[in-house]
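*Asks:* Just passing along the structure, written as structure tokens.
Laboratory data are not the source of any read-out in this text; all were calculated from the coordinates shown. Predicted model, so just to flag it, every value in this text is computed and none were measured. Note that we place each Cβ from the backbone using ideal geometry, even for glycine, and neighbour counts take in every protein chain shown.
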Amino acid sequence: MFINNLNPVFIDIGFLEIRWYSLAYIFGLIFAIIYSKFLIRKLQLNFDINIIDNFIPYSILGIILGGRLGYVLFYNPVYYLENYSEIFKIWQGGMSFHGGLIGIIIVSIMFCNKNKINFLNFSDILSVLTPCGLFLGRVANFINSELIGKPTELPWSVVFIKIDNVPRHPSQIYEAILEGIVLFIILNIVFKNKYLKKGITSAFFLILYGLFRLIAEQFREPDNHLGFIVFNLSLGSILSILMLIFGLIMYNRLK
């Protein structure tokens, strides 16, 4: 058993506070820039070497606006309809991965149209880069004692003492492994297969993330204000099933 009493603040020097969650975003973007250039050179991809550098402002906009609006609309619309000003208080928490994904898709389409880039080619390379950010984000969730797991007596259980004294599944670590490490390895194998059509890597991302998230959700507590929606499925599970189905349809049409 591990006792989680980790400080969500990496460094606090009075006038400046740096949190682990902020570092996860920063290092995720840094990795995306470095690794994209490595792939473009090694695989001789038909991309400008600085394409991800140029996309970063779009990605930040898509992640923040999409993630926040997704949380507002998917997870707590009634509350935010009654408290409009709370929508803008992102620092208080409340971001949705699925909303952020929709935001990224929208800004990617805008970016590709502006720069005359094939959207499926571009979404494929984004799919390969994303798991690192997911890994770092889930580790930050673990440090912050958020998105906690269900109670368990397993030897690797974790007590999040900021929450309670109940041993729980480290569901954030499960997600970091599945959505981060495993997804990264598989997508790289798919992406480097030159015989596959453009868009296949993106379809694999939707399918595998939806599947892995669905698995991890079985060990994770649902949101307190929502609980299970239907058939003992959380809202995150339902959105992941829709994501998986969309990925299967996309894969089938591309093949």
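*Asks:* What is the chain's relative contact order, in percent, from Cα pairs under 8 angstrom and six or more apart in sequence?
*Replies:* Averaging sequence separation for qualifying contacts and normalising by length gives 19 percent for the chain.
*Asks:* Looking at the square roots a ≥ b ≥ c of the eigenvalues of the Cα gyration tensor of the chain, which shape do they give, rounded for a/c under 1.5, prolate if a/b is larger than b/c, or oblate?
*Replies:* The shape class here is prolate.
*Asks:* Further, regarding this structure: Take Ile90 and Ile241, extend 7 Å from each Cα along the Cα→Cβ direction, and tell me the distance between the two endpoints in nm.
*Replies:* Roughly 3.1 nm, to one decimal.
*Asks:* To the nearest 20 debye, what charge dipole does region 1-82 have about its Cα centre, counting +1 at the Cβ of each Lys and Arg and -1 at the Cβ of each Asp and Glu?
*Replies:* 340 debye
*Asks:* Right, next: What is the list of residues in region 60-91 whose amide nitrogen lies under 19 Å from a point 7 angstrom out from the Cα of Ser22, following Cα to Cβ?
*Replies:* Output list for this probe position: 60-61, 63-65, 68, 88-91.
*Asks:* Based on the Cβ-Cβ distance of Ile56 and Asn232, what FRET efficiency does E = 1/(1 + (r/R0)^6) give at R0 = 45 Å, to the nearest 0.05?
*Replies:* Once rounded, the FRET efficiency stands at 0.70.
*Asks:* Can you list the trypsin sites (Lys or Arg not before Pro) in region 1-90 that are in a DSSP coil and have 12 or fewer other beta carbons within 10 angstrom?
*Replies:* Counting only loop positions with at most 12 other Cβ atoms within 10 Å, the trypsin sites (Lys or Arg not before Pro) in region 1-90 are Lys89.
*Asks:* Angle between the Cα long axis of helix 97-115 and the longest principal axis of the chain, 0 to 90 degrees, nearest 10?
*Replies:* Orientation of helix 97-115: about 20 degrees from the principal axis.
*Asks:* Also, quick follow-up: Kindly state, to the nearest 0.05, the FRET efficiency for Asp223 paired with Val78, given R0 = 22 Å and r defined as their beta-carbon distance.
*Replies:* Here the calculated transfer efficiency is 0.95.
*Asks:* How tilted is helix 51-70 with respect to the longest principal axis of the chain? Cα atoms for both, answer in degrees (0 to 90, nearest 10).
*Replies:* Tilt of helix 51-70: around 40 degrees.
*Asks:* Could you list Thr201, Thr130, Thr152 in order of exposure, starting from the residue whose Cβ has the fewest other Cβ atoms within 10 Å?
*Replies:* In increasing order of surrounding Cβ atoms, one gets Thr152, Thr130, Thr201.
*Asks:* Another question, if that's okay. Roughly what would the spin-label model give for Lys255 and Phe2, points 7 Å off Cα along C-beta, in nm?
*Replies:* Output for this residue pair reads 3.7 nm.
*Asks:* Label region 1-150 by shape, choosing from rounded, prolate and oblate, from the square roots a ≥ b ≥ c of the eigenvalues of the Cα gyration tensor; if a/c is under 1.5 it is rounded, and otherwise prolate applies when a/b is larger than b/c, oblate when it is not.
*Replies:* oblate
*Asks:* Same structure again: Running a GNM on the chain with Cα contacts under 10 Å, which residue among Phe231, Phe88, Phe160 ends up with the highest mean-square fluctuation?
*Replies:* Of Phe231, Phe88, Phe160, the most mobile in the Gaussian network model is Phe231.
*Asks:* Sticking with this one: Given a Förster radius of 51 Å and the C-beta distance between Asn193 and Lys162 as r, what FRET efficiency does 1/(1 + (r/R0)^6) yield to the nearest 0.05?
*Replies:* Rounded to the nearest 0.05, the efficiency is 0.70.
*Asks:* Tell me the angle of helix 200-217 to the major Cα principal axis of the chain, expressed in degrees between 0 and 90 and rounded to the nearest ten.
*Replies:* The answer is roughly 10 degrees.
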